[in-house]
1. For Cα pairs less than 8 Å apart in space and 6+ apart in sequence, what is the mean separation divided by the residue count of the chain, i.e. the relative contact order in percent?
2. Long-range amide H contacts for V456: which residues qualify at under 5 Å (H placed 1.01 Å from N, peptide plane, sequence gap of 5 or more or a different chain)?
3. Can you compute the radius of gyration and Dmax for the range 11-127, using only the Cα atoms, both in Å?
4. Could you tell me which of P254, T361, Y270 has its Cα farthest along the dipole of the range 218-381 towards the positive end, charges placed at Cβ (Lys, Arg +1; Asp, Glu -1), taken about the Cα centre?
5. Which value results when the Cα radius of gyration for the chain is divided by 2.2 N^0.38 Å?
6. Explain nothing, just compute: Karplus ³J(HN,Hα) = 6.51 cos²θ - 1.76 cosθ + 1.60, θ = phi - 60°, for every residue of the range 97-105 in order, whole Hz, x for Gly and Pro.
7. Among G30, Q48, G19, pick out the residue whose Cα is farthest towards the positive end of the charge dipole of the range 9-154, where Lys and Arg carry +1 and Asp and Glu carry -1 on C-beta, about the Cα centre.
8. What is the set of long-range amide H partners of L354 at a cut-off below 5 Å, with H atoms built 1.01 Å from backbone N?
Amino acid sequence: MSVSPLSDDTIAAIATPAGRGAVALLRVSGPDALVVLRRIAPGIGDVQPRTQRLAALRHPQSGELLDRGLVTYFAAPASYTGEDMLEIATHGGVLTPQLVLDALLAAGARAAGPGEFTRRAYLNGKLDLLQAEAVADLIDGRSRALHRAAVHQMERGLSRRVSELRDAIIGTEALIAYSIDFPEEDEPPVPPARIVASATDVIARIDTLLATAPEGELLREGALTVLAGRPNSGKSSLFNALLGTERAIVTDIPGTTRDAVEASVSIDGYPFRLVDTAGLRETMDRVEGIGIEVARRYLAAADLVLFCIELGREVDADEASFMASVDAARLIVVRTKSDRQPDAAADADESATLTATVSATTGAGIPELRRALLSKAFGGILGEPGEAPLVTRERHARALRAARDELAAFLAAMDDGVPMEFAATHLRAAVGALEDLVGVVSVDDVLDRVFGTFCVGK
Ligand SMILES: Nc1nc2c(ncn2[C@@H]2O[C@H](COP(=O)(O)OP(=O)(O)OP(=O)(O)O)[C@@H](O)[C@H]2O)c(=O)[nH]1
Ligand SMILES: [Mg+2]
């Protein structure tokens with residue numbers, strides 16, 4: 001963990017969102033927290049750490065009474081940031097918290113930037129970088145699955161796993177150092193095969209973690225699931241059935257949906273972004289043509305494509321070529337309106353393509369389709385969040401891949417007969433990549449990226 005001198009200024013922010021509410025919370029952190037407090041609450045008297053005091057909050061210059069608030073003081077280092085901190089609960093609303101913040105600024109505090117409290121917590125060793133990101137995910141997360149992953153990460157699940165990998169590589173370095181120290185021995189004290197096996201094992205463990213990355217990253221935005229198919233094939237009806245509300249317009253007129261309609265839905269706590277689109281066909285209608293263009297753009301970005309074809313209708317050449325153009329891992333063919341064809345069976349599935357048969361009208365097949373969506377989008381990590389660490393950010397995947405590449409380069413160098421002490425520079429680099437990931441060494445631009453997206457007051 002990095003050690004840095006404590007900040008010399010004192011920051012303040014409103015930590016709760018603006019708007020009507022019973023209570024708002026302001027936070028102050030830094031060496032002058034108590035000085036600032038005494039200027040806005042001159043009558044507060046003796047302030048003990050971790051006890052609350054009701055205080056009259058006043059503007060330090062005019063002395064005007066702004067509110068009565070509940071003040072809690074946390075003495076450094078036993079606080080969220082590791083610095084002297086105040087939490088001041090005032091009445092909510094738009095004006096009161098803002099006036100109290102103005103008073104804090106007039107009393108010598110500086111307005112905090114986004115994520116600055118958590119940044120200080122990180123710099124003071126209260127959190128590592130992965131935990132700080134988990135705080136952001138807890139705040140931003142909209143799905144239960146991301147929430148579970150974030151709680152697990154805040155409890156150091158991922159940090160612990162990465163530290164174990166780092167320790168294993170350092171162990172391999174130690175084996176090498178030991179071998180180099182005994183150059184005269186006939187038999188090397190540590191067989192090279194053992195060193196190779198140890199590095200190979202770490203690669204396998206990194207790969208296990210990396211395998212969660214594509215799905216882990218989907219937890220944040222949701223799996224983009226695009227409904228496509230010919231006009232009138234039942235896309236909007238299916239969209240509504242999956243959402244459980246009549247969101248998209250349904251008529252028997254082909255070409256009803258003109259623009260893409262997007263909605264978020266959670267299936268068993270896993271997030272999906274469902275998109276209903278204009279039916280795909282050749283058209284002279286300009287508006288419909290633009291809608292079809294939009295549909296194609298969504299399709300290019302889709303994580304999953306639900307391709308709708310009425311049950312019992314022959315698949316035509318355009319549909320066949322569309323299906324061939326989407327890779328099977330992303331494609332689910334949905335045979336729709338099954339209630340109209342009680343006797344028809346979906347064609348035998350000759351390809352690897354997954355087929356579902358549904359009726360939006362009766363709801364038949366919808367639970368099965370939801371399960372298919374879930375396992376296609378999140379199959380690799382279902383049930384994982386909260387139990388095993390997940391890679392939920394591109395930053396994590398990049399660092400793990402860098403570490404993996406260095407380990408592979410180490411093995412290749414060993415294979416080429418490069419002297420161990422030179423090959424070992426790759427191990428150092430692999431350790432460095434993992435340390436960047438947890439934030440053992442702090443690189444300013446990494447910090448800016450991590451904390452820049454926070455809200456003020458966190
Ligand atoms: N019986 C029955 N009719 C359905 C079902 N799903 C859709 N329909 C009917 O099929 C017609 C077209 O449905 P939509 O959902 O608007 O089809 P679409 O693919 O969105 O059509 P466009 O937006 O024009 O491309 C409507 O008359 C729906 O009532 C179903 O499961 N059963
Ligand atoms: Mg439609």
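1. Relative contact order for the chain comes out at 18 percent.
2. HN-HN under 5 Å from V456: G115.
3. 13.2, 39
4. Y270
5. Computed over Cα atoms of the chain, the ratio equals 1.29.
6. Rounded to whole hertz, the list is x, 5, 5, 5, 4, 4, 5, 4, 5.
7. Farthest towards the positive end: G19.
8. V333
Bear in mind these aren't lab numbers, they're just calculated from the coordinates by the rules spelled out. It should be emphasised that the depicted structure is a prediction, and the values quoted were computed from it without experimental measurement. Using ideal geometry, Cβ is built from the backbone for each residue, glycine included, and neighbour counts are taken over all protein chains shown.
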